[in-house]
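Right, one structure below, let's go through it.
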Amino acid sequence: MKAETHRSALRRIERRLFLRGSLSLGAVSLLTGCNLEDDDAVDKTLFAMSRWNDRVQAALFNAERLAPTYTRAEVTKPFPFNAYYQEDQAPVVDAATFRLQVSGLVRETRPWTLADLNALPQESQITRHICIEGWSAIGEWSGVRFSHFLQRIGADTRARYVAFRCADNYTSTIDMATALHPQTLLALRFGDETLPRAYGFPMKLRVPTKLGFKNPKYIVALSVTNVDPGGFWERFGYNWFSGL
Amino acid sequence: MVPSATEIAPPALVSRITHWINAVAITLMIGSGWRIYNASPFFAFTFPSFLTLGGWLGGALAIHFAMMWVLAASTMIYLLHGLLTGGLRRRLLPIRPAEVLQDLRLALTFRLRHDNGRYNAVQRLMYVGVLCAIIGVVVSGLALWKPVQLHWLSLLLGGYESTRRVHFLCMAAIVLFLVVHLSLVVIVPRTLLVMLFGRSFRTESVS
């Protein structure tokens, strides 16, 4: 059902550029005064406002403010599958041959096996996943605290972004402040089991301080960078920071 | 009708400007908000697509998150101005239940006369009500936008899922107000002139 919404959204986007056509003619005339043909001005205004909202959200972000946590009894069952495709199209990653690629402003670019990652100190959290569509679900994720992982690879934490690439070709980028937040987790498990295929095997970046689409699943590569390579939904016009 | 002796000044320029800014902002917020609601409805209905703005969820959110600043700023200026000049208190208070009932009875039987610049008890109740709904929609909107950074606000409204419904109910209250408000403008069109130009041209044309 969720995949349905995302797919139909994608179909609509394909017929448009970014936010073009995002306002009806009536609203366009309200905003631009007279020119009904040129909705580029509207797009530009909305894009500029979205960048302004990025800055406001970065300023509002408190590195020490923790997302609320819940009890196991409050976990949403079943936890929804969510992607821009159907569940049976989710990528299949071979655990034995999998290697997490690390690149960019880091000291160690050695690829990581799942065994290596599981050998690092593990943490758990039960937090609320909030989707940009509005719905929310509580889940329990466990894995490596991401700031610890960044430290292990000798990441330059003065860099601006951490960019992710996924097995389903999904991409997303987060700001360094959020990457270093104590609840940002490189999740390897969901509940008591290894992270299932539906929820992003082999790993998902769990970011309880950001909307769901900023929590990439099926991660195969990450990069510490000062240049944002762009994200899947962000390119269509979702707000970049999307902090909670 | 001759203006009554108790008629007070037409709305201040600040009130009129913020009124029209809010008229645009609220229209865009409702249109885009309905599209956002449709992405994940929590009641048994969705809004017809042609009544929504944004074209798709991302477009609707871009409009919503841009116009929220306009709505919040304009409402804040209106309220501060109204509180500092005393205009808000003078025009919208007192609200006495007995007067509301009496004016409501008159209004429903089409016997309530309209005085420019002087609100009857039902109008006073409705204007105070819609101001509360706008404040409510902004506050619950902030709690939805920042459920972690403003967690205390989210908790105050019963948590994230409850806040979504509070936000919706405040919107519904504003829509209900608009239905009545616009119907009354249709019935008494000269109020539109007062809100646009700060005065009615009726008296000049008569004298």
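The values are calculated or read from the model by the stated rules, or taken from the named source; none is laboratory data. This structure is a prediction, so every number in the text was calculated from the model and none was measured. Cβ: placed from backbone, ideal geometry, glycine included. Neighbour counts: every protein chain shown. Side chains included, ligands, DNA and RNA excluded: accessible areas come from the protein's heavy atoms. Shrake-Rupley method; radii C 1.70, N 1.55, O 1.52, S 1.80 Å.
If you take the residues of the range B:35-71 that are of a type in the set (Phe, Trp, Tyr) and open to solvent by 40 Å² or more (accessible area, probe 1.4 Å), which of them is farthest from the other protein chains (Cβ to nearest Cβ)? In this case the residue turns out to be B:45.
Restricting A:108, A:87 to those that are in contact with a strand residue (DSSP E or B) (Cβ under 8 Å, 6 or more places away or on another chain), of a type outside the set (A, V, I, L, M, F, W, C) and more than 14 Å from chain B (Cβ to nearest Cβ) reduces the list to A:108.
Candidates are the residues of the range B:17-34 that are more than 17 Å from residue B:168 (Cα to Cα) and out of contact with any Phe, Trp or Tyr (no Cβ under 6 Å at 6 or more places or on another chain); the one that is least open to solvent (accessible area, probe 1.4 Å) is B:22. Out of A:179, A:187, A:155, one residue alone is touching a Gly at 6+ places or on another chain (Cβ under 9 Å) and open to solvent by less than 10 Å² (accessible area, probe 1.4 Å). It is A:187. Would you check if there is a residue in the range A:137-146 being assigned by TED's automatic domain parsing to the domain that holds residue A:212 and without any contact (Cβ under 8 Å) to a residue 40 or more places away in the chain? Scanning the range A:137-146, I find no residue that is assigned by TED's automatic domain parsing to the domain that holds residue A:212 and without any contact (Cβ under 8 Å) to a residue 40 or more places away in the chain, so the answer is no.
In the range A:205-220, which residues are part of a strand (DSSP E or B), open to solvent by 10 Å² or more (accessible area, probe 1.4 Å) and not β-branched (Val, Ile, Thr)? Across the range A:205-220, there are no qualifying residues. Against the condition in a helix (DSSP H, G or I) and among the aromatic types (Phe, Trp, Tyr), how does residue A:164 come out, does it pass? For residue A:164, the condition - in a helix (DSSP H, G or I) and among the aromatic types (Phe, Trp, Tyr) - is not met. For the range A:62-79, state whether one or more residues are modelled with pLDDT of 95 or more, open to solvent by less than 30 Å² (accessible area, probe 1.4 Å), within 14 Å of chain B (Cβ to nearest Cβ) and in a helix (DSSP H, G or I). Taking every residue of the range A:62-79 in turn, none turns out to be modelled with pLDDT of 95 or more, open to solvent by less than 30 Å² (accessible area, probe 1.4 Å), within 14 Å of chain B (Cβ to nearest Cβ) and in a helix (DSSP H, G or I). Criterion applied to B:164, B:124 was being in a helix (DSSP H, G or I), within 14 Å of chain A (Cβ to nearest Cβ) and basic (Lys, Arg), and the one residue passing it is B:164. Put simply, of A:130, A:174, A:126 the only residue that is more than 22 Å from residue A:71 (Cα to Cα), buried (at least 18 other Cβ atoms within 10 Å of the Cβ) and aliphatic (A, V, I, L, M) is A:174.
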